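S.K.: Here it is: the structure, laid out below.
The values are calculated or read from the model by the stated rules, or taken from the named source; none is laboratory data. Here the structure is a predicted model, which means the values were calculated and not measured. Here the Cβ positions follow ideal geometry from the backbone for every residue, glycine too, while neighbour counts run over all protein chains shown.
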Amino acid sequence: MPTTSIKELLEQLSLVKDNIEKEVELKRKEFDYQIHKRKVKFEMSLRRTHRKLKKGPISYILNADPLFIITAPIIYILIVPLLILDLFIFLYKIICFPVYKMKAINRRDYVVIDRHKLAYLNIFEKFNCVYCGYANGLLSYAGEIASATEQFWCPIKHSRRVKNPNYRYWNFIDYADADSYVCDLESHRNKVRK
């Protein structure tokens, strides 16, 4: 189990994240839109203002850096492995999670595609936003599935520093602590079970 100081730091981190989310929520209110059943509703005056700021698609292409246009297919070809990843995560979750009695992780909490509804974006920008929302959301979702699986099967910290580990990692068992592994593995599993 983590030492008291690590637990305290994790509590502080949680408070900081909560405060950041509160500030983001205040910003959302500043722009005067509402969310009803996962759908965004803008005031008509704000939509008109957004439309005035939109750059036309032809102007957008003509003013784009030619290297951006040339390299775009490389970005978009990644849709193939992303779709395959999405399929395999789906299969893994519906087959393995029930066997391990793990809590459901909802894909829709991670894959959020809504920026294409912004009136100040042209068709190319909207397409880019859909793609990025899907790709980053899917990778975040895959990370959540992987971190829950890691907590279930091998909740042990690594011997060396890991850059940007998942949020569960800090509660994992210390690398060389064999006694804790033997004694605490089941409690780690129970945290991701139903």
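S.K.: Would you confirm whether any residue within region 161-177 is out of contact with any Phe, Trp or Tyr (no Cβ under 7 Å at 6 or more places or on another chain), aliphatic (A, V, I, L, M), closer than 30 Å to residue 31 by Cα and part of a loop (DSSP other than H, G, I, E, B)?
M.R.: no
S.K.: Applying the selection to region 69-107, what residues are touching a Phe, Trp or Tyr at 6+ places or on another chain (Cβ under 9 Å), of a type in the set (D, E, K, R) and either surrounded by fewer than 14 Cβ atoms within 10 Å (Cβ to Cβ) or at pLDDT below 95 (or both)?
M.R.: Hit for region 69-107 is 103, nothing else.
S.K.: Which numbered condition in (1) in a loop (DSSP other than H, G, I, E, B); (2) farther than 30 Å from residue 56 by Cα; (3) not aromatic (Phe, Trp, Tyr) is the only one that residue 121 fails?
M.R.: Among (1) in a loop (DSSP other than H, G, I, E, B); (2) farther than 30 Å from residue 56 by Cα; (3) not aromatic (Phe, Trp, Tyr), the lone unmet condition for residue 121 is (2).
S.K.: Those residues that are touching a strand residue (DSSP E or B) at 6+ places or on another chain (Cβ under 8 Å) and modelled with pLDDT of 95 or more, I need them from region 119-145; list them, please.
M.R.: none
S.K.: Turning to a different aspect of this structure: Go over the candidates 17, 55 one by one and state the one that is surrounded by 10 or more Cβ atoms within 10 Å (Cβ to Cβ) and closer than 30 Å to residue 185 by Cα.
M.R.: None of the others qualify; the one that does is 17.
S.K.: Hey, another quick one. Tell me, please, whether a residue that is without any contact (Cβ under 8 Å) to a residue 12 or more places away in the chain and either under 30 Å from residue 64 (Cα atoms) or among the hydroxyl-bearing types (Ser, Thr, Tyr) (or both) can be found in region 114-125. Please lay out each step first, then the result.
M.R.: The first filter runs over region 114-125 and keeps only residues without any contact (Cβ under 8 Å) to a residue 12 or more places away in the chain, leaving none.
There is no residue in region 114-125 that is without any contact (Cβ under 8 Å) to a residue 12 or more places away in the chain and either under 30 Å from residue 64 (Cα atoms) or among the hydroxyl-bearing types (Ser, Thr, Tyr) (or both).
S.K.: Looking at (1) at pLDDT 80 or above; (2) in contact with a Lys or Arg (Cβ under 9 Å, 6 or more places away or on another chain), which is the only condition residue 1 fails?
M.R.: Unmet condition: (1).
S.K.: Just for region 42-52: of the residues that are surrounded by 10 or more Cβ atoms within 10 Å (Cβ to Cβ) and of a type outside the set (Val, Ile, Thr), which one is farthest from residue 119 (Cα to Cα)?
M.R.: Only one residue tops the list, namely 43.
S.K.: Here's a check for you: in region 149-160, which residue that is of a type in the set (A, V, I, L, M, F, W, C) and in a helix (DSSP H, G or I) is surrounded by the fewest Cβ atoms within 10 Å (Cβ to Cβ)?
M.R.: Selected residue: 153.
S.K.: For region 182-192, indicate whether the set of residues that are under 21 Å from residue 9 (Cα atoms), surrounded by 13 or more Cβ atoms within 10 Å (Cβ to Cβ), under 22 Å from the mean Cα position of the chain (by Cα) and without any contact (Cβ under 8 Å) to a residue 24 or more places away in the chain is non-empty.
M.R.: no
S.K.: Output the residue which, of all residues in region 129-148 that are without any contact (Cβ under 8 Å) to a residue 40 or more places away in the chain and surrounded by 17 or more Cβ atoms within 10 Å (Cβ to Cβ), is nearest to the chain's Cα centre (by Cα).
M.R.: Out of the qualifying residues, it is 137.
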